[in-house]
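Undergrad: Please see the structure below; I have some questions.
The values are calculated or read from the model by the stated rules, or taken from the named source; none is laboratory data. All values reported here derive from a predicted model rather than from experimental measurement. Cβ placement follows ideal geometry from the backbone for every residue including glycine, while neighbour counts extend to all protein chains displayed. What goes into the accessible areas is simple: the full protein's heavy atoms, side chains included, and nothing from ligands, DNA or RNA. Shrake-Rupley method; radii C 1.70, N 1.55, O 1.52, S 1.80 Å.
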Amino acid sequence: MPGYYVVVAGREVVVRASGDGHVTGSVAIPGPAGDARSPVGGEPFGAADGRHFVVVVSRGGDLPGVADVSLFGLTVSPGGQPGELRQVAFDSTGVPVTGAALSPDGRTLALSLVDEFPIGPLSGSVELINVANGATRTWTGRSAPGYWPGTPAWVSDGTVVVPWWHGTTQSMVPAEITGIRQLDARAPGGSLAAARLVAFPGPVGGLQSAMVAPGGGEIIASSCRAGHHTATAQVVELSAANGRLIRVLRTQTARFGNDADAADAVFSTCQVLSVAGDGDQVLVQAFAFGRIDSGAFTSLPGTTPGVRPAFAAW
């Protein structure tokens, strides 16, 4: 299990020990504070070594031309102390960044972006950014409306994989995964639809989130549903080869005061946040925030009161 996890809490990036969640250090996100009309939010994504992170900071909402997305690199020392946030050259043109992953050598950053505007079928793209100089290569998905890339993962220095999502509404959740796209990280870019697809025999539906585990053989996903004043969350492990269920990692049922609160919990707090090892260690917010370690769930501190969902990674 990684020694530390990183949480974005307001305008601070906080490092906590994975064992019991105690704070080992924090660093402020540069830039002005947000307000109701121009909110500021951040989401961390970790590298496989458990010490290098990317923090995606969004200001001003998600409308094209309005949103301002910045990327910062962060290194955590062996003792859990965070270094300074280092800005990575990037221009999102207002398109929300929905996932990020550093290559094993730390030289290249993979990003997934999903364009929700103009109103219509969703589409997305994957960008590979040279961390040193900002040079960018792009795989676009405009030729495949209604499909978009999920959170990227590196299975080697030469291959990036993304869950290939499909939906028939304007919302990204719930949706279905139809397979795994594989991108040659040495290529100059191109079309997502032309990249190799490991297609599942049938789509895996009703999912809120999914991440490919290190090594590329498994997918860790969340699936939640609301009932009468209740909601049930499941965190599952799927085969990345065919989408079939391997095992259920956690099932949690919670009661709420009304059906609206139950539906809101399903929408905003049913997330796989980060995956380590071969999928045996998972940070999740399945109503409660915590870690799954070899099948056992442990609640952890790190959520911000009144803020949903949590944003954490290891």
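Undergrad: Within the stretch 166-195, can you find the residues that are part of a strand (DSSP E or B) and within 17 Å of residue 110 (Cα to Cα)? Steps first, answer last, please.
TA: From the stretch 166-195, those part of a strand (DSSP E or B) are 166, 175-184, 190-191; that's our starting set.
Once the filter is applied, which keeps residues that are part of a strand (DSSP E or B) and within 17 Å of residue 110 (Cα to Cα), the stretch 166-195 yields 180, 181, 182, 183, 184, 190, 191.
Undergrad: Still on this structure, I have one more. Report, by residue number, each residue of the stretch 81-126 that is among the hydroxyl-bearing types (Ser, Thr, Tyr) and on the phi > 0 side of the Ramachandran plot.
TA: Residue satisfying the conditions is 93 alone.
Undergrad: Can you name the residue in the stretch 285-314 that is among the polar types (S, T, N, Q), in a loop (DSSP other than H, G, I, E, B) and open to solvent by 50 Å² or more (accessible area, probe 1.4 Å) and, of all such residues, is farthest from residue 7 (Cα to Cα)? Explain how you work it out, then say what you get.
TA: As a first pass, look at the stretch 285-314 and keep what is among the polar types (S, T, N, Q): 285, 294, 298-299, 303-304.
Filter once more, keeping what is in a loop (DSSP other than H, G, I, E, B): 294, 303-304.
Right, trim to open to solvent by 50 Å² or more (accessible area, probe 1.4 Å) and you get 294, 303.
Numbers: 294: 22, 303: 8 Å.
Filtering first and then ranking leaves 294.
Undergrad: Against the condition over 20 Å from residue 234 (Cβ atoms) and either among the small types (Gly, Ala, Ser) or open to solvent by 50 Å² or more (accessible area, probe 1.4 Å) (or both), how does residue 257 come out, does it pass? Give the derivation first.
TA: Values: over 20 Å from residue 234 (Cβ atoms): yes; either among the small types (Gly, Ala, Ser) or open to solvent by 50 Å² or more (accessible area, probe 1.4 Å) (or both): yes.
When the stated conditions are applied, residue 257 passes them.
Undergrad: With 167, 227, 190, 215 as the choices, which residue is at pLDDT 95 or above and small (Gly, Ala, Ser)?
TA: On the way: 167 fails: at pLDDT 95 or above; 227 fails: at pLDDT 95 or above; 215 fails: at pLDDT 95 or above.
Within the list 167, 227, 190, 215, the selection yields 190.
Undergrad: For residue 98, state whether it is modelled with pLDDT of 95 or more and either part of a loop (DSSP other than H, G, I, E, B) or open to solvent by 20 Å² or more (accessible area, probe 1.4 Å) (or both). I'd like the intermediate steps shown before the answer.
TA: Details: modelled with pLDDT of 95 or more: no; either part of a loop (DSSP other than H, G, I, E, B) or open to solvent by 20 Å² or more (accessible area, probe 1.4 Å) (or both): yes.
Here the answer is no, as residue 98 does not meet what is asked.
Undergrad: Find the residue count for the stretch 107-133, including only residues that are open to solvent by 10 Å² or more (accessible area, probe 1.4 Å), assigned to a loop (DSSP other than H, G, I, E, B) and touching an Asp or Glu at 6+ places or on another chain (Cβ under 9 Å).
TA: 3
Undergrad: Name every residue in the stretch 213-231 that is in a strand (DSSP E or B) and touching a helix residue (DSSP H, G or I) at 6+ places or on another chain (Cβ under 9 Å), in order of residue number.
TA: Restricting attention to the stretch 213-231, the residues satisfying the condition of being in a strand (DSSP E or B) are 218-226, 230-231.
224, 225, 226, 230, 231, listed by residue number.
Undergrad: Name the pairs: first residue in the stretch 135-164 and among the acidic types (Asp, Glu), second residue open to solvent by less than 60 Å² (accessible area, probe 1.4 Å) and part of a strand (DSSP E or B), Cβ to Cβ under 9 Å, at least 6 apart or on different chains?
TA: Filtered contacts from the stretch 135-164: 157/108.
Undergrad: Take the stretch 242-284 and flag every residue that is β-branched (Val, Ile, Thr) and assigned to a strand (DSSP E or B).
TA: Within the stretch 242-284, the subset β-branched (Val, Ile, Thr) is 246, 248, 251, 253, 266, 269, 272, 275, 282, 284.
Answer for the stretch 242-284, where residues must be β-branched (Val, Ile, Thr) and assigned to a strand (DSSP E or B): 246, 248, 251, 253, 272, 275, 282, 284.
Undergrad: Looking only at the stretch 140-151, which residues are modelled with pLDDT of 90 or more and open to solvent by 10 Å² or more (accessible area, probe 1.4 Å)?
TA: 140, 147, 151 - these are the residues of the stretch 140-151 that are modelled with pLDDT of 90 or more and open to solvent by 10 Å² or more (accessible area, probe 1.4 Å).
Undergrad: Checking the condition among the aliphatic types (A, V, I, L, M) and touching a Leu at 6+ places or on another chain (Cβ under 7 Å), which residue from 313, 226, 240, 265 passes?
TA: Numbers: 226 fails: touching a Leu at 6+ places or on another chain (Cβ under 7 Å); 240 fails: touching a Leu at 6+ places or on another chain (Cβ under 7 Å); 265 fails: touching a Leu at 6+ places or on another chain (Cβ under 7 Å).
Being among the aliphatic types (A, V, I, L, M) and touching a Leu at 6+ places or on another chain (Cβ under 7 Å) holds for just one of 313, 226, 240, 265, which is 313.
Undergrad: Here's another thing I want to ask about it. Mind checking whether some residue in the stretch 155-162 is of a type in the set (Asp, Glu), in a loop (DSSP other than H, G, I, E, B) and open to solvent by 60 Å² or more (accessible area, probe 1.4 Å)?
TA: Taking the stretch 155-162 as the starting set, the residues that turn out to be of a type in the set (Asp, Glu) are 157.
Adding the requirement that they be in a loop (DSSP other than H, G, I, E, B) leaves 157.
If we keep only those that are open to solvent by 60 Å² or more (accessible area, probe 1.4 Å) too, we end up with 157.
Yes.
Undergrad: Now for a different question. Among (1) open to solvent by less than 50 Å² (accessible area, probe 1.4 Å); (2) in contact with a strand residue (DSSP E or B) (Cβ under 8 Å, 6 or more places away or on another chain); (3) within 26 Å of residue 167 (Cβ to Cβ), which single condition is residue 57 missing?
TA: Against the list (1) open to solvent by less than 50 Å² (accessible area, probe 1.4 Å); (2) in contact with a strand residue (DSSP E or B) (Cβ under 8 Å, 6 or more places away or on another chain); (3) within 26 Å of residue 167 (Cβ to Cβ), residue 57 comes up short only on (3).
Undergrad: Please verify whether residue 251 is open to solvent by 60 Å² or more (accessible area, probe 1.4 Å), among the β-branched types (Val, Ile, Thr) and more than 20 Å from residue 46 (Cβ to Cβ), treating the condition exactly as stated. Working first, answer last.
TA: Working: open to solvent by 60 Å² or more (accessible area, probe 1.4 Å): yes; among the β-branched types (Val, Ile, Thr): yes; more than 20 Å from residue 46 (Cβ to Cβ): yes.
So residue 251 passes the test.
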